[in-house]
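Enquirer: Have a look at this one before I ask anything.
The values are calculated or read from the model by the stated rules, or taken from the named source; none is laboratory data. Since this is a predicted model, take the numbers as computed values, not measurements. So basically every Cβ, Gly included, is an ideal-geometry build from the backbone, and we count neighbours across all protein chains shown. Areas reflect the complete protein model, heavy atoms only, side chains present, ligands, DNA and RNA absent. Shrake-Rupley method; radii C 1.70, N 1.55, O 1.52, S 1.80 Å.
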Amino acid sequence: MNPSIKALHDLYERDLTKVLEELKSYNKEENLWTVNGEITNSGGNLILHICGNLKHFIGAMLGGSSFIRQRDDEFDLMNVKKSEMVDQIKQTKKVVLETLAELEDSKLDEVYPVNVFGKEMTTQFFLFHLYGHLNYHLGQINYHRRLLDK
């Protein structure tokens, strides 16, 4: 496996495992959906967003999965069962890691198939961007849990 792909594979594996650990660490399931003041995104919605984002941009766009993203649902749904979210994280991890494992080295330098930011970027650049996005929201989930899961 290409060293860049291997690094991405290992980082996604590590941090999607951490997302699962954060979910399981909530003491009260209903607190996944708590918002308060300027904290307007619940931990649950952030987890749904991470899964939708990665299943779309990696699984569907690079891996050819049939996943169809419903982005609004990632922020509008509430009270999704913790067990269902565990399954979603596991599915997301599986599709991301399988897609990266099968990604040909030459794909990294190709232009990513969708113009997301109004300019072309390489697939490698966008995969690193998506990892940063995952990590950013993972930190938010951690703070959400520690602040609002009492």
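Quick grid of which residues meet (1) polar (S, T, N, Q); (2) in contact with a helix residue (DSSP H, G or I) (Cβ under 8 Å, 6 or more places away or on another chain); (3) under 20 Å from I5 (Cβ atoms); (4) modelled with pLDDT of 95 or more:
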residue	(1), (2), (3), (4)
G44	no, yes, no, yes
F57	no, yes, yes, yes
D72	no, no, no, yes
K93	no, yes, yes, yes
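Enquirer: Here's a check for you: in the range 76-88, which residue that is of a type in the set (A, V, I, L, M, F, W, C) and open to solvent by 70 Å² or more (accessible area, probe 1.4 Å) is farthest from K28 (Cα to Cα)?
Expert: Result: L77.
Enquirer: Moving on to the next point. Working only within the range 104-115, note down all residues that are outside any helix (DSSP H, G or I) and either in contact with a helix residue (DSSP H, G or I) (Cβ under 6 Å, 6 or more places away or on another chain) or of a type in the set (V, I, T) (or both).
Expert: Within the range 104-115, E110, V111, Y112, V114 meet the criteria.
Enquirer: Between a residue in the range 49-64 that is without any contact (Cβ under 8 Å) to a residue 24 or more places away in the chain and more than 12 Å from V19 (Cβ to Cβ) and any residue that is open to solvent by 30 Å² or more (accessible area, probe 1.4 Å) and among the aromatic types (F, W, Y), which pairs come within a Cβ distance under 7 Å, given they are 6 or more apart or on different chains?
Expert: H56/F67; A60/F67
Enquirer: Just give me the residues in the range 15-74 being outside any helix (DSSP H, G or I) and either under 11 Å from I89 (Cα atoms) or basic (K, R) (or both), in sequence order.
Expert: Passing the criteria: K28, R69.
Enquirer: State which residue is farthest from I141 (Cα to Cα) when the search covers only the range 26-43 and only residues that are exposed (fewer than 14 other Cβ atoms within 10 Å of the Cβ) and of a type outside the set (D, E).
Expert: G37
Enquirer: Looking at the range 104-150, which of its residues are charged (D, E, K, R) and over 17 Å from G63 (Cβ atoms)?
Expert: Listed by number, the residues that qualify are D109, K119, E120, R145, R146, D149, K150.
Enquirer: Looking at N142, N135, which is the one that is within 30 Å of G37 (Cβ to Cβ), open to solvent by less than 60 Å² (accessible area, probe 1.4 Å) and either in contact with a Gly (Cβ under 9 Å, 6 or more places away or on another chain) or part of a helix (DSSP H, G or I) (or both)?
Expert: N142
Enquirer: Could you pull out the residue among G52, G118 that is in contact with a helix residue (DSSP H, G or I) (Cβ under 7 Å, 6 or more places away or on another chain) and not charged (D, E, K, R)?
Expert: The match here is G52.
Enquirer: If you go through the range 89-107 one residue at a time, how many are surrounded by fewer than 18 Cβ atoms within 10 Å (Cβ to Cβ) and not charged (D, E, K, R)?
Expert: So the answer is 4.
Enquirer: Please go through the range 103-129 and pick out each residue that is of a type in the set (A, V, I, L, M) and touching a Phe, Trp or Tyr at 6+ places or on another chain (Cβ under 6 Å).
Expert: Once the filter is applied, which keeps residues that are of a type in the set (A, V, I, L, M) and touching a Phe, Trp or Tyr at 6+ places or on another chain (Cβ under 6 Å), the range 103-129 yields only M121.
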